[in-house]
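Written out below as structure tokens is the structure these notes cover.
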Amino acid sequence: MVELDTNTPVPRHVAIIMDGNGRWAEERHRPRLFGHKAGVDSVREIVETAREIGVEVLTLYAFSTENWNRPSGEVSGLMGLLKSYLQSELRTMVRNDIRLLCLGQQDRLPADVRAILQQTIDDTRECRSMTLNLALSYGGRSELVLAFQEIAKECQEGVLDWRTLSETTISDHLFTAGQPDPDLLIRTGGEHRLSNFLLWQASYAELYFTETRWPDFKKAQFLEAINIFNHRQRRFGKVGAQLIREGRGATDGE
């Protein structure tokens, strides 16, 4: 059994690209939606584990802007699974003090999904122990375009002065405004790319790739990823000797 190394800090923000559901199903000669349904169980377990160990923000890449190009039957099935998940998990979120937020273009979601999503966001608004971000109809490039458009509009209206624009200005106009950037970004399923996910926010995230398909990614695999993260040295442009002098060793998760 994998256990968390309690002598090291837990990452404040963990982001996950939940990949491999379809291939997991195909390997078992089942329809792709069977894999997505199995993946919901992993979502529940990882959310519960993250809350248990003290992660402040958990971001799950549930549906990308590019996923709209998938066969209509699969898209419809995914929307149905999302709606069912939100309906079944609301009480659990409230009981565990988990706030739900959505990152992405909510207006592209079906009306019934938008309604239950907004209801869940409203009902968990006062929860504070952990934030669960569901990235839905999300794309990192489109997020940046929307942010730049809003910044340009505010400059034109005199709300902002273009001469004072900074990285903080951009961060404050993203879907994740007010949240810490991801410390650890996990991708399951054996692929080694970001797939347009949190392109700005993940600039200094530690990347962890695993061959494990998402339906098989459970508590043990999650804790293993965090233990590996905690034994990496995050230098942020400095050298190791500087971190040692500052009192931050190779296992520092700050």
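Computed from the coordinates by the stated procedures, all read-outs in this text should not be read as laboratory data. The shown structure was predicted, so the numbers you read here are calculated from the model rather than taken from an experiment. For neighbour counting, all protein chains shown are included, and Cβ atoms are generated from backbone atoms with ideal geometry for every residue, glycine included.
So the values come out like this:
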{"item": "Residue-averaged [θ]222 nm for the chain, counting only DSSP H segments that reach four residues, each worth -39500 (n - 2.57)", "result": "-13000 deg cm²/dmol"}
{"item": "Candidates per trypsin sites (Lys or Arg not before Pro) in the range 40-126, loop by DSSP, up to 14 other Cβ within 10 Å", "result": "125"}
{"item": "Lysine pair number, Cα distance threshold 25 Å (strictly under), the chain, separation 8 or more or different chains", "result": "5"}
{"item": "Debye, to nearest 20: dipole size of the range 13-231, +1 on Lys, Arg Cβ, -1 on Asp, Glu Cβ", "result": "720 debye"}
